[in-house]
Each structure stands twice: as structure tokens, then as C-alpha cells.
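Let me begin by handing over the structure; questions about it come next.
The values are calculated or read from the model by the stated rules, or taken from the named source; none is laboratory data. These numbers were taken from a predicted model, which means no experiment stands behind them. Because the Cβ atoms are built from the backbone with ideal geometry, glycine has one as well, and the counts that use them run over all protein chains shown. Surface accessibility is based on the protein's heavy atoms, side chains included, excluding ligands, DNA and RNA. Shrake-Rupley method; radii C 1.70, N 1.55, O 1.52, S 1.80 Å.
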Amino acid sequence: MIDYTGSNYAVWETTPLKIDEFKKLLPTEQLEYLCLMAHLAPSSHNTQPWRFEIKPDQLEIVINIIKEFILPASDVNGRQTVISVGCALANLKTAANYLGYKIETTLLNNDKQIFKPTDDNSGLIPLLKIKIELDAPNENLAEVYQAIFNRKVTRAEYLESSEIPPNLLDEIDALNNDQIKIHLVSDRLRRLTISEFQGQADNFVINSKKFSRELGEWLLPNDSASFVGMPGIGFGLGDDEAKRLHDGLIGEIPLNPADGLKFSTGGKIGIEKSPTICFLTATDDNVENWIAAGEIVEKIFLKLTAHGIVFTMHAGITEVSLINKLFSMSFLGTSRRILSLFRMGYIKRNEDAQRPHSPRWPLEKVIIDN
Ligand SMILES: Cc1cc2nc3c(=O)[nH]c(=O)nc-3n(C[C@H](O)[C@H](O)[C@H](O)COP(=O)(O)O)c2cc1C
């Protein structure tokens, strides 16, 4: 029996600070705590691509992207990596606002080309400057602040017939802004259509050597001591299954056809049987909108967590280029670009909700010393 309490899971044991406890910290400690909130966010393949620079004198944090973690097969434009930083920003903002601070962000790099993975993948890309200023605590955020510590993706089957409460869907819909449109799909026919697209995308991934090898490098055996990546248990895989899929994807053993099939149909079936699918689109496929999309996605995830609703992301439709084009033309019927897609619902089997969190680096590893 694997126990998921090693040092690669330790950050999840952090006790949430109360407003008065946070106020008593030194500026450096406050900024570190806010970085920890950001670090608990989801990231594509659990790469945790962020590195935080703390400037206590100016009450500032700079979030840099570590270039090495922009994955060349599945994230050819760096879009998923930047969206991940948007998720981290949402956590940081939620915690800061709850604890009595407002934040002002400045985009440090808006040239898309910089985020494309290249052969020289060393170094960091400064992405966001975050300035923190004193404000009144917003106690209405208590539940979503708590959700930062409980949130996780749950790649499992949901109860198709248990609908998401309409008032919650309205709240989610209201997170729309000028750039980002939120699309909520709950009718069966359109869910089925989306699931077909996802099935095609996953099929492509499993049949492409480049994609599947990269996936295998990040989809890990359950007993892995790695601080990044996704142990197979997060996909509902048993210990032997996870190891076999990892070894098969990286080409060490022949990929077991049943494992490949299970993987490529898992997403499709999951989408088909989820009561609601959500996806985000923008007219401009630019860095600013990638961050904005990530922020909205994570705000929704925190809301869902606070309501006991589970969710998981499916980046295939967004990143497999042919599928993306077909999806935009035939499903959306507009030139808006889809930036993110996830499904949500109530868990079908309780044991699937009991899975461990994903690993994380300890905080000191993601903070850059000046
Ligand atoms: C931008 C982005 C894209 C993601 N794409 C996928 C995906 O295509 N399939 C999937 O199963 N999980 C996807 N995830 C979920 C991550 O794998 C997950 O967040 C990560 O493993 C950390 O786990 P946690 O969110 O439970 O902490 C994505 C997450 C983000 C932020």
C-alpha cells in the first residue's frame, strides 16, 4: 500500500492562515505565503512552471516561467503553460483579497513567440509583476480561500443525472469578461459531440510517438518520489497499471493495447457522462487572454470545490491543432479560439474522491533567491 505523505506531498499539509495571523507576519513571510497559495494551483502535466521572485521592500512578486517546462509536444505555443500561471494568479489573488490585500498586476512579456518551446530551453521568462497593497479583508471569500487547500482535479466518472445547480451555473457564467467568453454545455447532444472531439484528440496523442513519449515522462508510477508530474493514481490507475502505462508510453516496454485504449476512451466517456462541460474562448489568441483564461478557470475550480463538485481539464481539443480547427468551425461556428475545456459533476464512486493530491515542490524550490 503506497502512502502519499512523502516530502513530495508535504505542502498540502499547510494550515490555512487566519486574517489576523497573516497580518502579524513580516513582509517576506507574507509574500512567501502568497507564493505558496499560487503554487497549489493546477498546472499542465503538473509541471509547476512558475518561479517566484520576492521583493519585500516593494511588496512585489514577479512570476517567471521556467522555459524547460514548456512541453514541446503538447504545448507547442506555450499556451497551456501561461494558462497555468493564470491559475496560480487566481489563487494568489483570492488569498490576498480574503486576507485584506488588493493586488495590481503588470504583464511583463506579451510577445507570443517567446513562449514557443525551442531547442535552447534554458532560463526563465518573466511573465507577471504583482504588487500587493493593503485593503479591507473580504470575508465573503472564506470558502474559496479554504478551497485553495482542498482543490484537485478528479479524472473519474461523474453522475450524469446529478445536474449542477442552475444558480451556480449562473455564477460561473457571470465570470465572463470583455475578452473571455464562458460556454456552458449541459445538453446531451452537444456533450456527445464534444466527447467525440476529445476521443479523436486523445487517439491522436496515444498514436503519436512524440506526444505519447512526453505524456509518459510526466505520467508516473504511483510510488514515484518525483516533485512534479502525475502519478497514475490521479487517473484512477492501480500500481501495476500506472507503472505499465508509464513504461509503455516512454517506449521501455510495448504499450499494452488495452491500456492505450483505456486511456484514449477515458476522456471521451468522462465527457459524455458529465452533466456539464465548460469551455472558454477568446477572439484574440494572445498572452493576456491566456492568463485571463487561466484566472477564470481556477476561480471556477475554487467555486466548484467549495460546493463539493469535482472537475477535470481536457487540453486535447485546445492543443491538437486539427481537432481544434474542426471544433471551432463545426461546433462553435465562429472564429473565436477555444483556450480551455473542462468537465464538472458530482463524483460517482466515493473512492475516486479520496485520491491523494498531486505532488508539489517544497515552496523553497520555487522561490528564486535574489
Ligand atoms: C492549463 C492546464 C491544462 C491541463 N490539461 C489537462 C489535460 O489535458 N488532461 C488532464 O487529465 N489534466 C489536465 N490538467 C490538470 C493537471 O494535470 C493537474 O492540474 C496537475 O496534474 C496537478 O494536479 P492538481 O490540479 O490535482 O493539483 C491541466 C491543467 C492545467 C492548468
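Which value, in Å², gives the accessible area per residue of the stretch 7-152 when a 1.4 Å probe is used on the protein heavy atoms? Display every interim value, and only then the final one.
On the way: 5950 Å² over 146 residues.
Per-residue accessible area for the stretch 7-152 comes out at 41 Å².
Going by Cα centres, the stretch 173-194 and the stretch 29-55 are how many Å apart?
A separation of 29 Å, based on Cα centres.
Keeping the other protein chains in place, figure out the carbon and sulfur percent of the accessible area of the chain, with a 1.4 Å probe.
51 percent
Could you let me know the centre-to-centre spacing of the stretch 241-263 and the stretch 312-362, using Cα atoms, in angstrom?
Computed from Cα coordinates, the inter-centre distance equals 22 Å.
Angle, helix 239-249 long axis vs. longest principal axis of the chain, Cα atoms, 0 to 90°, nearest 10?
For 239-249 against the chain, the angle is about 80 degrees.
Tabulate in residue order the Karplus-calculated ³J(HN,Hα) for the stretch 327-344, using 6.51 cos²θ - 1.76 cosθ + 1.60 with θ = phi - 60°, rounded to whole Hz; enter x for Gly and Pro.
Using θ = phi - 60°, the values come out as 4, 4, 6, 8, 8, 7, x, 9, 8, 4, 9, 7, 10, 7, 9, 8, 10, 9 Hz.
Let me know the shape class of the chain, please: from the alpha-carbon gyration tensor, a ≥ b ≥ c as square roots of the eigenvalues, rounded when a/c is under 1.5, otherwise prolate if a/b is greater than b/c, or oblate.
On the way: a/c = 1.39, a/b = 1.29, b/c = 1.08.
Rounded is the answer for the chain, as its axis ratio a/c remains below 1.5.
Another question about this same structure. Which entries in K129/K243; K129/K209; K112/K348; K273/K299; K24/K365 show an alpha-carbon gap greater than 29 Å? Intermediate results must be reported in sequence, preceding the final value.
Details: K129/K243 40 Å; K129/K209 38 Å; K112/K348 40 Å; K273/K299 23 Å; K24/K365 25 Å.
From K129/K243; K129/K209; K112/K348; K273/K299; K24/K365, over 29 Å: K129/K243; K129/K209; K112/K348.
Scattering from the C-alpha atoms of the stretch 242-369 alone, worked out with Debye: what is log10 I(q)/I(0) at q = 0.11, 0.13, 0.15, 0.19 1/Å?
Evaluating at q = 0.11, 0.13, 0.15, 0.19 Å⁻¹ gives log10 I(q)/I(0) of -0.56, -0.78, -1.00, -1.28.
Counting alpha carbon pairs within less than 8 Å and at least 6 residues apart, what relative contact order, in whole percent, applies to the stretch 7-152?
Computed value for the stretch 7-152: 29 percent relative contact order.
Rounded to the nearest 0.05, what FRET efficiency is calculated for N207 and D285 with R0 set to 22 Å and r the Cβ-Cβ distance? Before the final figure, lay out each step's value.
On the way: r = 26 Å, r/R0 = 1.19.
Efficiency at R0 = 22 Å is approximately 0.25.
So what is the calculated 222 nm ellipticity per residue for the chain, using -39500 (n - 2.57) for each DSSP H run with n of 4 or more, over all residues, to the nearest 500 deg cm²/dmol?
Numbers: 14 runs with 151 residues, N = 370.
Roughly -12500 deg cm²/dmol at 222 nm, from the helical runs in the chain.
Hey, which aspartates and glutamates would be in cross-link range of K131, C-alpha to C-alpha under 19 Å, not counting anything within fewer than 8 residues on its own chain?
E29, E32, E53, D57, E60, E104, E288, E295, D369
Would you mind classifying the stretch 120-159 by shape? Square roots of the alpha carbon gyration tensor eigenvalues, ordered a ≥ b ≥ c; an a/c under 1.5 is rounded, otherwise it is prolate if a/b is larger than b/c and oblate if not.
Details: a/c = 4.51, a/b = 1.09, b/c = 4.14.
Oblate, since a/c reaches 1.5 and b/c is not below a/b.
Treating the beta-carbon of each Lys and Arg as +1 and of each Asp and Glu as -1, no other charges, what is the dipole magnitude of the chain about its Cα centre, to the nearest 20 debye? Walk me through the numbers before you get to the answer.
On the way: 39 positive and 49 negative charges, 153 e Å.
Magnitude of the dipole: close to 740 debye.
Sticking with this one: Please work out whether the stretch 1-88 counts as rounded, prolate or oblate from its C-alpha gyration tensor, where a ≥ b ≥ c are the square roots of the eigenvalues and a/c under 1.5 means rounded, while otherwise a/b larger than b/c means prolate and anything else oblate? Provide the component values of the computation, followed by the final result.
On the way: a/c = 2.77, a/b = 1.32, b/c = 2.10.
Oblate, since a/c reaches 1.5 and b/c is not below a/b.
Ok, one more. If one computes the Cα centroid of the stretch 75-96 and of the stretch 280-302, what distance in Å separates the two points?
8 Å
Can you check what the net charge comes to around D352, using other residues whose Cβ is under 10 Å from the Cβ of D352 (Lys, Arg +1; Asp, Glu -1)? Please report the intermediate quantities before stating the final value.
On the way: positive: R155, K348, R349, R355; negative: E157, E351.
Net charge in that neighbourhood comes out at +2.
Figure the gain on full extension for N121 and S321 (residue separation times 0.36 nm, minus the Cα-Cα span) and round it to one decimal in nm. Display every interim value, and only then the final one.
Numbers: separation 200, 0.36 × 200 = 72.00 nm, distance 2.25 nm.
Difference between extended and current length: 69.7 nm.
Would you work out the relative contact order for the stretch 166-353, in percent, from Cα pairs under 8 angstrom that are 6 or more residues apart? Present the calculation step by step, with values, prior to reporting the outcome.
On the way: 258 pairs, mean separation 49.2, N = 188.
Over the stretch 166-353, the number comes to 26 percent.
Please calculate the 1.4 Å probe accessible area of T118, with all protein chains present, and give it to the nearest 10 Å².
Rounded to the nearest 10, that gives 80 Å².
Then there's this: Sequence gap at least 6, Cα distance under 8 Å: using those rules, report the relative contact order of the chain to the nearest whole percent. Numbers along the way, then the final one.
Working: 705 pairs, mean separation 91.7, N = 370.
In percent, rounded to a whole number, it is 25.
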